[in-house]
Amino acid sequence: MHICLTAPDKILIIDKVQNNSIHLPDGRPVSTLEYDLNTGKKRFLSLQSNTFCSSGGFIADNILVSTGGAEEIKDKDFKPGFSALRFFKPCQNDKCEWRENLTAMTTHRWYSTSTTLSDGRLFILGGSKISIGVNNETENNPTFEFFPRTDPTPIDFPFLVDTLPYNLYPIVHLMPGPKDLTLLFVFANKDSILYDWNSRKTVHKFPRLEGASRSYPLTGTSVMLPLRPEDNYIPQILVCGGNEKEDPKHEAADSCGRIKIDVSNLDKAKWEIDDFGGIPRVMPDGVILADGTILFLNGAKTGIAGYSSKLGKVKNKLLKADNPDLTPLLYDGQKPKGKRFTKLNSSNIPRLYHSVATLLPSGQVFIAGSSPQADVILSGVKFPTEYRIEIFSPPYLSSNKAQATIKSVDGSKKLNQGPIKVKYNQHIKVEVELSDKKANLTAAIVHQGFVTHSVHMSERYVFCDIKNIKRKGNGFTMDVVMPPNPNIMPPVPVYLYINNNGVPGKTAVHLQLK
């Protein structure tokens, strides 16, 4: 249900409290674990609160914060998670554990969104006050708060009143720009605004994205396209998929909206409508790949998000989504409209509600989940609980072009043994091994974010300038220039990719922006 890359070889997985067959020493079912990408080893972790439909993100100093959750599960001895915060500090010795504060937030939040701000705090927005299928005026929570907390009570956010009933898991992107900029792009249902989190005011409302709704349970997805220094980091935001009707049999949306936002000329910001690669899709995941293209995968061609809670063990009459989308799409935002999507090799594993995907340091993509459900059903139904993991290799890994191997970063040869601390605007000396005499090197830093319910919270890709490229032995040295300020990339753990002719190196290197 939720995943986060916490180290080059570790994925943190968070599920809901249910009848999983694996149990903790105290007899309670496992609801969270750390997965080793190299060995497949699973390290079971303990939580006291229910994480069902929570959110999360990193704060400064490489600490992951899990926010909110759901009701108490008495028969399994899990406490309510609605107002909980959970903290995980990644480690190298397999001894790190969750810490929890069950009343750390100012209010109940279920299906909220968390986003890392430029000052290293977490912005926690919206949700509902109880577990609910579709939000309503009574249970809506149109507020936000910060962590670390600055206000004793939640702060009103009227936009989440205006966008009822489809406003759960709102889309939030930190806007790039000068160091003193404090703007967020917020999207829910069909509407979007720019919000100043410092003055606490809406500063601009964008035109409506016509067509389908894009928010839970008519779930679409969104990415901020890679930021480029040559474009002065002006952002473009892509929103794709969803559905027009709250109807399990209605075909999903085959459409995307793309908008370029220059904060110096907001009146020019208009949505450009494109198809979704010719495939209708609800509950898609959008993963920014190592070369800056976007992989769209998972989801269904018909229906909506949500549990088929009355699903019988034999009959499948109440499925909320059907016709799984097994064909991933590659999106190249640099190509002209009409030529941006390419269909890739299909999977044979349906990935419906509660599926996830994220980029790995290898340039591959980790894919897991699908639980349409009633709790855990392994057979006898059309879409059983899915425990299998897939690793997808994008087309660039099938290329015969040479891959660079990073040998040292900022004078250190101890790579991926904990994040290397780097500063904004710093010129970092990077040495790579690469035999290609026709090398064409590019560099980027990536934050994979916290992934759940088709929302990739704080996911971000930033191209970096490269200077002073020189031949050295069987490779090159170069200066990779970090972003100028934390509005371009907040102070979060990132991965440095060195690409040669569009092909990522053999592994990215873990950094921490300070």
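Worth pointing out:
- Per residue, the chain reaches 0 deg cm²/dmol at 222 nm when only DSSP H runs of four or more residues are counted, each adding -39500 (n - 2.57).
- Three-way shape call for the chain based on the alpha-carbon gyration tensor, with the a/c threshold at 1.5: rounded
- Fully extended contour minus Cα-Cα distance, from residue 391 to residue 205, at 0.36 nm per residue: 63.0 nm
- Protein heavy-atom accessible surface, 1.4 Å probe, per residue over the range 402-513: 37 Å².
- The stretch between residue 335 and residue 22, if pulled fully straight at 0.36 nm per residue, gains 108.0 nm over its current Cα-Cα span.
- Modelled FRET efficiency - R0 30 Å, residue 264 with residue 342, Cβ distances, 0.05 increments: 0.30
- Theoretical gain in end-to-end length, residue 438 to residue 230 [0.36 nm per residue, Cα-Cα removed]: 72.6 nm
- Relative contact order computed over the range 402-513 (Cα-Cα under 8 Å; 6+ residues apart), in percent: 36
- The chain: relative contact order as a whole-number percent, Cα under 8 Å and 6+ apart: 12
- Simple spin-label estimate for residue 131 and residue 427 in nanometres, 7 Å along Cα-Cβ: 5.7
- Of all accessible heavy-atom area on the chain, the percent that carbon and sulfur account for (1.4 Å): 48
- Distance between the range 93-118 and the range 148-227 - C-alpha centres, whole angstrom: 20
- Listed residue pairs exceeding 30 Å between alpha carbons, taken from 76/129; 190/268; 89/205; 42/343; 337/423; 205/245: 89/205; 42/343; 337/423
- Between the beta carbons of residue 156 and residue 244, assuming R0 = 41 Å, the FRET efficiency works out to 0.85 to the nearest 0.05.
- Part-to-part distance (alpha-carbon centres) for the range 412-458 and the range 338-390, which is given in Å: 27
- From the alpha carbon centroid of the range 472-510 to that of the range 261-309 is 26 Å.
- Phi angles of the range 496-507 translate, via the Karplus equation with coefficients 6.51, -1.76, 1.60 and θ = phi - 60°, into HN-Hα couplings of 8, 9, 10, 9, 10, 6, x, 9, x, x, 5, 7 Hz per residue; Gly and Pro are given as x.
- Per residue, the range 142-201 exposes 38 Å² of solvent-accessible protein surface, assessed with a 1.4 angstrom probe and all protein chains in place.
- Only protein heavy atoms count here; on that basis, with a 1.4 Å probe, residue 234 has an accessible area of about 50 Å².
- DSSP-defined beta bridges in the range 402-513 - what % are antiparallel, rounded to 5: 90
- Ranked from largest to smallest solvent-accessible area, with a 1.4 Å probe on the protein heavy atoms, 77, 191 come out as 77, 191.
- In the context of the full protein assembly, residue 360 retains an accessible surface of approximately 10 Å², using a probe radius of 1.4 Å and ignoring ligands and nucleic acids.
The values are calculated or read from the model by the stated rules, or taken from the named source; none is laboratory data. Not measured: the values here are computed from a predicted model. A quick note on method: Cβ atoms are made from the backbone with ideal geometry, for glycine too, and the neighbour counts reach across all protein chains shown. Note: areas computed on protein heavy atoms with side chains; ligands, DNA, RNA excluded. Shrake-Rupley method; radii C 1.70, N 1.55, O 1.52, S 1.80 Å.
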